[in-house]
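A quick write-up on the structure given underneath.
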Amino acid sequence: MKVWEATRKPRVIVLPDAFIMDVRARMRDNEEGIAVIINDPIEEKVVGYLTRREIIQVTSHHTNLRAKDLALDYPVVTQDADIDEAYKLLVEHKVDYMPVVESKNNPKLVGVIGLVDIVRALLAAGYEPIAETVAEVMTTDDLDKYLTTPDEPITKVWSDFVYRGIKGKVVIRSKEEPYPVGMISLKELVESGRWFFHRESERGLKSVAKVRRLMVRGAVVATPETPISYVAKVMVENEFPVIPVVDEQGRVIGVVTIEDVARAYLVGAKPGRVKPAKKAALPKPVAPEEKVTYVSRESVLEQVLVAKPAVEELIGVRAADIMRTEMPAISINDTVEHARREMIRRKTNYLLVVDEKGSIVGVVSKWAMLRALGLKGPIWRRRIHDRMFIDYVMDTDIPRVSPDASIEEVAAEMVRKGAEVAFVVDEKGNIIGFVTKDDIVDAYARTQIGRALVENVMTPGRIGIVHPHHSLYHVVQKMKNFYLDALTVYDGSRVIGVVSANRLPFVALEDATTGMKSRRLVWVRKLVRSAARKGRYVKVLPLLAIDVTVPLNVSVSPKDDVVKAIELMKEYNVDGIPVVDEEGRVLGVICKNDILRELARTARLRKAVAAMAEKEESKETRETTESSQAKAQ
C-alpha cells in the first residue's frame, strides 16, 4: 500500500504568521490533530506543521506566538512512498500526524497522514493483521508512564506528553487499585483552557488543575485475547490513542497504543510474544429458529403459552385513579449522563423531556437507553456542536388517554405504540397526568389475584430465552419485536439471570474539557468489591447478553398465579422472572409487558363486543325503518 491510499485532506491549514491561539481554536473546533502551515494559498507549499503536542507547549492564554514559532518541518512524507515508510517515520519521531507532499523537490501539499489514518486504510482495504491478538503487541514495559490518577496534577501529564512523546494515558483509581476509570490525551488538553499553568486574573495565579478536571470519564478496555481487528476498529472510529488492557479482575496489566495496532498489521508480534490459548468471548451465532422476524402488534397480543378465554369484565380502575400528576423532567438539551443521574436520584425509570419552551416533547426510559445501546453500539460519536443527544434515546410517540379510560384501554394503547408511559389529557388535549407501565402492573397485583396463571400470559416457546453469548443487538431486537421488557438468560444447563429493561449499568463517557459530557456514550461494568465501585469501562468486543444480565436465582412455575410473579419482580427490582416447570425445564420469562398484553386483550374483546352490538343495533334500526316505510306504503 502507498501513502496516497491512506492520505486524507487536512481540516486545518494556516499561514506562518497565524496566531498560535487561533490555530488552537481551529484545531479544537474541527477536532483535528494537525495544522499544516503553507507558504501561501496559491502555491500551497508546506513550510511546516503543528501537532497537538506543539499546541500544548503554550501555557498561557496571553501569548503572541505565531504558528512559525513552534512549527515542525520534519518528518514529511511523499505521496508515492510505501505505507511502511510512513509508519516508521511517525513512530521514530513520536508524532501523531505529518504532511504528505507531492515529492521531495515539490513540497506541494497533498494531504496529511497519521497512524490512525494508516490503520483506517488497512481496515478499509480488508487487510488482516499479522499479529491477531492484543497479547502479541500490547505495551507492558515502563507501564507507569501510561498511567495516571484523578488527583495527579495536570503538569505531570503535560510533561509526559511534551517530553516523553506519550499520546494518551489511562486514568486508574489509584496506584494500589489499578482499575480504569477514565482516559486523558493530548486532545483533552488542546480542547480545554482549564489546565494552563499561567492563569492570569485579578486575583493572581490560580492553582494547577488535577487530572480529574480534564479526563474523559469511563474507559474502553481490551483483554490479552481480544482480536486486534476489534481494537483497531474502536480506536479508528473514536480516535483513541491508547486503550487499557485488563485482566479477569479488571485491573490494568498493560496498554495497547495506536502504534501497537499499526505494528500488528505491518510488522507483526513483538519479540517473544505468542498468541494466548484462551479465546475471546465473541457473539454466539443465532440459530435459524431463534432469528427475530417481524411480528405485528395483533400477533403479539395472541402469543401466550396456554390460551384461555379473554376476560371481558373490566377491573374497574380508571386512568385517573392511578395517574401521577407529576413526573421528573429533563431538558432536550441535557446529556444522557444527566438523565441517568436524575433517574438514580429520583428513583425512577422514566423522565419527561421538555423543549426550550417547557413543552413536553417525549419520554426517556431505561428501556429506551438499553434499546439504543443494543442497536447503535456501546460508543456513540457525535458532531462537536450537536448537544441534543437526548434525541437519540427519547420516545416521542406517546399514547394519550382520557382520565375516564379504563386501565385496560390504557394498556392496549401502550402495547399498540410499544410505550411504557401514557399521557392523561383533558378535553382540550392538555396533559394532566401520567400513567406508567409500573402503575398498571401494581393495580393488577392489588385487584386480580386468581385471574390468570403464569402460563396464560407469558410469551410461548423460546421467545423469552437468550443465550448469555448472544449479541446485545439480538437481545434488543427480540425484546423490541415481541414487546418484552425482560428475557431469561439460559446457557443450556442453568438459568443465569434476566435481561431487564429497568436495570441499566452505564455512564456517559464524559468529555470534561468541553463540558459536553455526552459526546460518547459508553457501557460500563462496575466491579464490586466490598460494595465499593472499582472501575468504569466498556470492553472493546461486541456487547453480549451476559454483559447486561441481572443475576437471579428465583423462578416461578407456569401454574403459579401471575400476582406471585409480580411480587417477585418488585422484590428483586426486575421487569421479569424466569419460568421453570416442575421437571426443571426452562420455558421462558414472564414480564411486566405480559401483564399489559393480558389487559389489552380485555380491551380488544370489549371493543369487538361493542362493535358487534352496535352493528346489531344498526341492523335492527334499519329493519325497523324499512318495516315502517313498507307499512306506510
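Nothing in this text is a laboratory measurement; each read-out follows from the coordinates by a stated rule. Everything numeric in this text was worked out from a predicted model, so none of it was measured. Every residue, glycine as well, gets a Cβ built from its backbone with ideal geometry; the counts of neighbours run over all protein chains shown.
Could you state the principal axis extents of the C-alpha atoms in the range 134-266, from the largest down, to the nearest angstrom?
Extents along the principal axes, in whole Å: 54, 31, 23.
Report the relative contact order of the range 3-124, percent, no decimals, based on alpha-carbon pairs under 8 angstrom and at least 6 residues apart.
For the range 3-124, the relative contact order is 31 percent.
Provide the packing ranking of 213-224, 353-364, 474-485, i.e. peptides ordered by the mean count of other C-beta atoms within 10 Å per residue, highest first.
Per-residue mean Cβ counts within 10 Å order the peptides as 213-224, 474-485, 353-364.
Rounded, prolate or oblate: which fits the range 3-124, taking a ≥ b ≥ c as square roots of the Cα gyration tensor eigenvalues, rounded meaning a/c under 1.5, else prolate when a/b beats b/c?
Prolate is the answer for the range 3-124, as a/c is 1.5 or above and a/b outweighs b/c.
Straight-line reach from K210: which aspartates and glutamates have Cα under 12 Å away, leaving out those fewer than 8 places along the same chain?
D151, E152
Sort the following peptides by mean Cβ neighbour count (other Cβ atoms within 10 Å, averaged over residues), highest first: 321-332, 492-503.
Final packing ranking: 492-503, 321-332.
Tell me which residues come under 5 Å, amide H to amide H, from T139 once H is placed; ignore anything under 5 positions away on its chain.
Amide H neighbours of T139: V255, V256, T257.
Could you name the aspartates and glutamates whose alpha carbon sits less than 18 Å from that of K607, not counting residues in the same chain fewer than 8 places away?
Within reach: E298, E302, E312, E313, D404, E408, E409, E413, E598, E616, E617.
Rounded to whole Hz and in sequence order, give me ³J(HN,Hα) for the range 320-335 from the Karplus expression 6.51 cos²θ - 1.76 cosθ + 1.60, θ = phi - 60°, writing x for Gly and Pro.
5, 6, 10, 5, 9, 8, 9, 8, x, 10, 10, 8, 5, 8, 6, 8
Pairs to check: K45/K68; K357/K437; K437/K564; K145/K187. Give those whose C-alpha atoms are more than 20 Å from each other in this structure.
K357/K437
Sequence neighbours fewer than 8 away in the same chain don't count; with that in mind, list the aspartates and glutamates whose C-alpha is under 14 Å from K480.
D395, E420, D594
Can you work out the Karplus-derived ³J(HN,Hα) for every residue in the range 94-106? Use 6.51 cos²θ - 1.76 cosθ + 1.60 with θ = phi - 60°, whole Hz, and x for glycine or proline.
3J(HN,Hα) across the range 94-106, in whole Hz: 6, 10, 7, 9, 8, x, 10, 10, 5, 7, 5, 7, 10.
Taking H placed 1.01 Å from N in the peptide plane, check which residues at least 5 places from I330 or on another chain put their amide H under 5 Å from its amide H.
L352, V353, V354
Would you mind checking which residues have amide H under 5 Å from I496's amide H? H placed 1.01 Å from N; only 5 or more apart, or other chain.
Answer set, sorted by chain and number: V489, Y490, D491.
What ³J(HN,Hα) values, in whole Hz, does the Karplus curve 6.51 cos²θ - 1.76 cosθ + 1.60 give for the range 40-56 when θ = phi - 60°, with x put for Gly and Pro?
Running phi through 6.51 cos²θ - 1.76 cosθ + 1.60 with θ = phi - 60° gives 7, x, 8, 6, 6, 8, 6, 10, x, 6, 10, 10, 4, 5, 5, 4, 6 Hz.
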